[in-house]
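Down below is the structure, laid out as structure tokens.
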Amino acid sequence: MGRIFNIPSFIFCEDDYNLVKEFANLAYLWAKHIVSPNICSIGKWKSKRFGYNGSQKTGYLHTNFFQPDPETLIKYGIFKQDIVDKLNIRHIKG
């Protein structure tokens, strides 16, 4: 709609193109910019990328901001790698 009314539109997406093809093919076409981590693939829409180094999910789990309560993790049988695997966060290393 933004393009029709000459209003810039921004799409914020942290998923690789191949995971959100249907959404991307519709939304990216009309977007002025696609705001996405540089590590994510956005398919043929590279010219519209407004990229940044980082990831929203990394911010949630970064040790400077988040320290899980060890007792809670033990209570639920959760380990750091389980969190990364279950959230499918490929951008976190270590």
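In segment 57-70, the count of residues that are outside the structural domain of residue 4 (by TED's automatic domain parsing), over 18 Å from the mean Cα position of the chain (by Cα), of a type in the set (A, V, I, L, M) and at pLDDT below 90 is zero.
The set of residues from segment 18-41 being of a type in the set (Val, Ile, Thr) and assigned to a strand (DSSP E or B) comprises 34, 35.
The values are calculated or read from the model by the stated rules, or taken from the named source; none is laboratory data. Every value quoted in this text rests on a predicted model; they were computed, and no experiment measured them.
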